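The values are calculated or read from the model by the stated rules, or taken from the named source; none is laboratory data. Values in this document were obtained by computation on a predicted structure and should not be read as measured data. Cβ: placed from backbone, ideal geometry, glycine included. Neighbour counts: every protein chain shown. Each accessible area value is taken on the protein alone, full model and side chains, heavy atoms only, with ligands, DNA and RNA left out. Shrake-Rupley method; radii C 1.70, N 1.55, O 1.52, S 1.80 Å.
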Amino acid sequence: MPVIPLVIGFLLDFILGDPYSLPHPVRLIGTLISKLEGYFRNKISDERKTGTFLCVSVLIISAGIPALLLFICYNIHIILGIAMESILCYYLIAAKCLRDESMKVYKAIEEDDTEKARCAVSMIVGRDTNVLDRNGIIRAAVETVAENTSDGVTAPLFYMAFGGASLGFFYKAANTMDSMIGYKNEKYVNFGRTAAKLDDVLNFLPSRFTALLMIISAFFLGFDGDRAYRIWKRDRRNHSSPNSAQTEAAAAGALGVRLAGNAYYFGKLCEKPYIGDPVREIENEDIVRVNRLMYVSSFLMLIIACVVRMIVTSLIGGV
């Protein structure tokens, strides 16, 4: 019973993806963050304390509402509880959205429409895309899928394995705060510090575990698993974030391409080390390949999450 919502949620995402026409809980979390940012900035002058208050408030609301909903639904009927938790798990997984958005880049490149490809990749990356050439656009798409395999798919599954949809929303709220206020620019360097540090802590284990799953997946897919492991060991720290390079390094090694390097953010050049070796030039088909890597890794994580969920619930039931 405890694993049914995880499996149904995963399958719903695989089939349907994000329902753009319907209200999405993660987008509601983003709206909550924006509203509370304005409120707390007007009430508290100390930016770090303000950011901490926002962080705690968002986490309590984002995890508390799903927990309350599930408590009510499971107490009415177990089938209603399973149905509600399945829907909540579905909202937490973003594999199909990640694939669909990156494939828009792929299709634009296939059509030889560089401007369209730049526009498509700008929807999924934070860097300046107007300066990217064809290979830079492809590289940005591949990097995004590799990095967000953890943030958008396997990390939510990791936390749902231990605490169901409620803990999944706790993670998702922290991850959303980091993406919105976790920057090191003048506006957010102090205000977003708590959110950024929390996201680093919460992603520490999932990102590394996902990288290992990517290496295993590389063998299944006929990619270079040995090189994936070697590049992961060598380049997994080649990023200012302690977690982002973990999956990027595994993917770069598996595909035999070089990722990362210097990039422009808000008009400023950010010097970053490379990840991987240029065994060959990156090509458009690498977007397809990294999506296959993402899906196999995610499926392996689903299996592991189901096993862990059964163990956790049996231990809780036995107490």
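Here are some notes:
- Of everything listed in (1) buried (at least 18 other Cβ atoms within 10 Å of the Cβ); (2) more than 23 Å from F162 (Cα to Cα); (3) modelled with pLDDT under 90, the single unmet condition for K43 is (1).
- Which listed residue is open to solvent by less than 60 Å² (accessible area, probe 1.4 Å) and either at negative phi or touching a strand residue (DSSP E or B) at 6+ places or on another chain (Cβ under 9 Å) (or both), from L98, L80, L69, L28: L98
- Single residue of region 224-244 satisfying the filter (small (G, A, S) and either more than 18 Å from M214 (Cα to Cα) or at pLDDT below 90 (or both)) that is most open to solvent (accessible area, probe 1.4 Å): S240
- Subset of region 203-215 (residues that are closer than 22 Å to A63 by Cα and either open to solvent by less than 20 Å² (accessible area, probe 1.4 Å) or in contact with a strand residue (DSSP E or B) (Cβ under 7 Å, 6 or more places away or on another chain) (or both)): N203, P206, S207
- Taking residues in region 205-225 that are in contact (Cβ under 8 Å) with a residue 12 or more places away in the chain, and partners anywhere that are aromatic (F, W, Y), the pairs with Cβ atoms closer than 6 Å and at least 6 places apart or on different chains are P206/F158; A211/W232; I215/Y229; G225/F219.
- Residues in region 130-148 that are polar (S, T, N, Q) and out of contact with any Phe, Trp or Tyr (no Cβ under 9 Å at 6 or more places or on another chain) were compared, and the one that is surrounded by the fewest Cβ atoms within 10 Å (Cβ to Cβ) is N135.
- Close pairs from region 168-185: first among the hydroxyl-bearing types (S, T, Y), partner in a helix (DSSP H, G or I), Cβ under 7 Å, at least 6 apart: Y171/A155; Y171/P156; Y171/Y159; Y171/L202; T176/V26; T176/I29; T176/G30; T176/I33
- Residues in region 101-121 that are open to solvent by 40 Å² or more (accessible area, probe 1.4 Å) and either part of a helix (DSSP H, G or I) or at pLDDT below 90 (or both): K104, K107, E110, T114, E115, K116, R118, C119.
- Extreme residue, modelled with the highest pLDDT, among residues of region 294-319 that are surrounded by fewer than 17 Cβ atoms within 10 Å (Cβ to Cβ) and small (G, A, S): S314
- A search for C-beta distances below 6 Å between a residue of region 115-135 that is of a type outside the set (G, A, S) and any residue that is outside any helix (DSSP H, G or I) and surrounded by 15 or more Cβ atoms within 10 Å (Cβ to Cβ), counting only pairs 6+ apart in sequence or on different chains, returns R118/T129; V121/T129; R127/A263; N135/I282.
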